[in-house]
Every structure is written in structure tokens, then in C-alpha cells.
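Here the structure is laid out as C-alpha cells; the discussion comes afterwards.
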Amino acid sequence: MLSYTTEAPDGTTGKPYGEAVGRLNYDALGNMAGQVMRPNRLAVAPGQWGTQEVRSAYAGYIAYFGTYEVNEAGDTVVHHVEGALNPGWVGGRQVRRLRFDGELLVLSTDVPKAGAMVRHTLTWQKRER
């Protein structure tokens with residue numbers, strides 16, 4: 001992942017996960033997996049899973065997997081979630097606008113926040129093996 005940014009309707013921009021790191025995998029069989037992490041999260045030692053520690057660890061990480069399909073126009077991808085860190089996503093769909101910018105894959109979605117829709121944009125670069 002190269003970047004994770006947000007833009008509010010008033011033009012305010014942000015980086016909700018700071019200098020986020022992540023990985024997104026798609027395969028030819030229609031499977032996908034994605035992870036995004038805020039770096040430098042608070043380390044949690046075994047047996048020290050208090051409310052604040054769990055909240056900090058959970059709030060700094062997004063992870064899910066499932067299958068995917070791209071619409072006929074090639075401008076939207078739907079991730080059908082089979083498993084996720086957030087149990088509320090399991091069985092659901094994550095719909096992303098899709099575009100290519102040269103060699104980069106740019107996925108975006110609008111998320112409601114404080115009565116407005118905030119655009120979240122994640123930019124990915126293909127990594128050769």
C-alpha cells in the first residue's frame with residue numbers, strides 16, 4: 001500500500017492510520033484478502049488485554065478476506081466478506097470504486113462520519129514476487 005487518505009466534503013484531508021501499511025491480494029480464482037495497519041500501535045503483552053489495550057489494537061487494524069467480483073464497466077469491485085477482524089463485516093459486502101492510475105490501483109469508498117460522507121482512498125502498487 002502506498003497511501004490511505006480521507007477527504008471530507010469541506011476539502012479537509014487526513015490520514016486516519018498515519019503512514020499506514022497494508023497488503024491487498026487478489027487471485028485468478030476470485031479470492032481476495034486485505035489488511036491495513038496503523039504503524040507503531042501500542043504493544044500488548046500476553047495476559048494484558050484490558051479494555052484500553054484491546055481498543056487500541058483493534059482500532060488500528062483492518063483485516064478481511066473473501067471473494068471478489070469486478071463489475072462489467074471495470075469501475076467497481078465488490079468484496080464479499082467471509083471473515084474479518086470486525087465481526088459486523090462477515091457475510092457482508094465491501095464495495096469500492098476502482099480505477100488504475102498507470103501501474104497503481106486506487107480504491108475508494110464513502111463512509112458516513114458526523115453527518116457527512118467522507119471519502120476514503122487507498123492506493124496500491126503491484127509488488128512483483
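The values are calculated or read from the model by the stated rules, or taken from the named source; none is laboratory data. In this text the structure is predicted, and so the values were computed from the model without any measurement. Methodologically, a virtual Cβ is constructed for each residue, glycine included, from the backbone with ideal geometry; neighbour enumeration extends over all protein chains shown. Side chains are part of the model used for accessible areas, which takes the heavy atoms of the whole protein and leaves out ligands, DNA and RNA. Shrake-Rupley method; radii C 1.70, N 1.55, O 1.52, S 1.80 Å.
Couple of notes before you dig in:
- Dimensions (Å) - region 10-49, Cα atoms, principal axes, largest first: 40, 40, 14
- Positive end of the dipole of the chain (Cβ unit charges, origin at the Cα centre): among Thr76, Thr51, Leu98, the Cα lying farthest that way belongs to Thr51.
- Surface analysis of the chain yields an accessible area of 67 Å² per residue, using protein heavy atoms and a 1.4 Å probe.
- Heavy atoms of Lys15 accessible to a 1.4 Å probe, total area in Å² rounded to 10: 110 Å²
- Largest-first ordering by accessible area, 1.4 Å probe, given options Val118, Val21: Val21, Val118
- Rounded percent of accessible protein surface that carbon and sulfur make up, region 56-97, 1.4 Å probe: 54 percent
- Within region 60-125: Cβ-based charge dipole about Cα centre, in debye rounded to nearest 20 (Lys, Arg +1; Asp, Glu -1): 280 debye
- Size descriptors for the chain: radius of gyration and Dmax over Cα atoms are 15.7, 50 Å.
- Fraction of accessible area attributable to carbon and sulfur, region 12-54 (%, probe 1.4 Å): 54 percent
- Cut-off of 10 Å, at most 12 other beta carbons, DSSP loop: longest stretch of the chain lacking such GluC sites (Glu not before Pro): 20-71
- Which of Arg55, Arg119 is most accessible, then next, and so on - probe 1.4 Å: Arg55, Arg119
- 3J(HN,Hα) from dihedral phi, region 96-109, Karplus parametrisation 6.51/-1.76/1.60, rounded to Hz, x for glycine, proline: 10, 5, 10, 8, 10, 10, x, 8, 9, 9, 10, 10, 9, 8
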